[in-house]
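One structure is given here, and the rest of the page talks about it.
The values are calculated or read from the model by the stated rules, or taken from the named source; none is laboratory data. Because the structure is a prediction, the values reported are computed rather than measured. Neighbour counts are summed over all protein chains in view; Cβ atoms, including those assigned to glycine, are modelled from backbone coordinates with ideal geometry. Just so you know, the surface numbers come from the protein's heavy atoms only, side chains and all, with ligands and any DNA or RNA stripped out. Shrake-Rupley method; radii C 1.70, N 1.55, O 1.52, S 1.80 Å.
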Amino acid sequence: MPEFLFASYRVLMLITYSFASLYVLVLGFFGLRQGHVFFTLPETETHTISPKIKNKPNKIPIPGDKAFLNRLIQFMEDEKPYLDSELTLKKLSKMLKVKQELLSNTINTQLNQNFFDFINKYRIEAFKIQSLMESNKHLSILGLAFQCGFNSKASFYRAFKKFEGMSPGEYFQQSQVL
């Protein structure tokens with residue numbers, strides 16, 4: 001059987017590596033020309049929006065939206081999700097059916113608070129109301145704190161001191177004097 005020898009193994013490997021290298025270079029050249037893939041566009045550039053999207057009513061609240069802020073506050077007062085000691089930004093955003101980023105941005109920019117301060121402020125107010133109720137006189141300070149959504153003594157005392165400027169014990173002493 002006659003042997004057909006086109007080129008030696010070394011020559012074939014050299015040709016293969018050359019084509020592969022050339023392919024990678026060409027792919028890289030054309031890939032880098034796709035600037036939007038690798039770089040963000042400057043904010044001065046504008047993009048056109050198709051008329052279908054442009055004319056749709058905006059159902060997703062925007063961070064500066066006062067209606068969403070009012071809805072959030074109303075939800076907090078009516079549903080009292082802050083009483084759940086396991087409440088997170090993710091859980092609250094699911095309850096409100098909005099993105100976490102929107103909820104966080106609204107709390108940060110419009111209320112000038114972070115999520116935990118926002119929730120803890122409601123918990124402290126609930127604690128103050130619960131502590132005045134005759135039906136809760138049998139509970140300790142910590143028992144009331146747990147009932148109001150706090151999950152640790154340290155986080156309760158820290159939040160109470162931050163918002164009220166005194167410890168819970170000092171608050172009770174002061175409220176009994178009045």
Taking region 76-112 and the residues there that are over 21 Å from Phe127 (Cα atoms) and of a type in the set (D, E, K, R), the one that is farthest from the chain's Cα centre (by Cα) would be Lys97
Any idea which of Ser131, Ser50 is touching a helix residue (DSSP H, G or I) at 6+ places or on another chain (Cβ under 7 Å), at pLDDT below 95 and either open to solvent by less than 70 Å² (accessible area, probe 1.4 Å) or within 29 Å of Ser167 (Cα to Cα) (or both)? Ser131
Which of the helices (runs of 4 or more DSSP H) found entirely inside region 97-178 contain at least 2 residues meeting this: within 19 Å of Ser85 (Cα to Cα) and among the charged types (D, E, K, R)? 115-132, 153-164
Restricting to region 74-101, give me the number of residues that are among the hydrophobic types (A, V, I, L, M, F, W, C) and either open to solvent by 20 Å² or more (accessible area, probe 1.4 Å) or at positive phi (or both). 5
Going residue by residue through region 59-73, is there one that turns out to be surrounded by fewer than 14 Cβ atoms within 10 Å (Cβ to Cβ) and at pLDDT 95 or above? yes
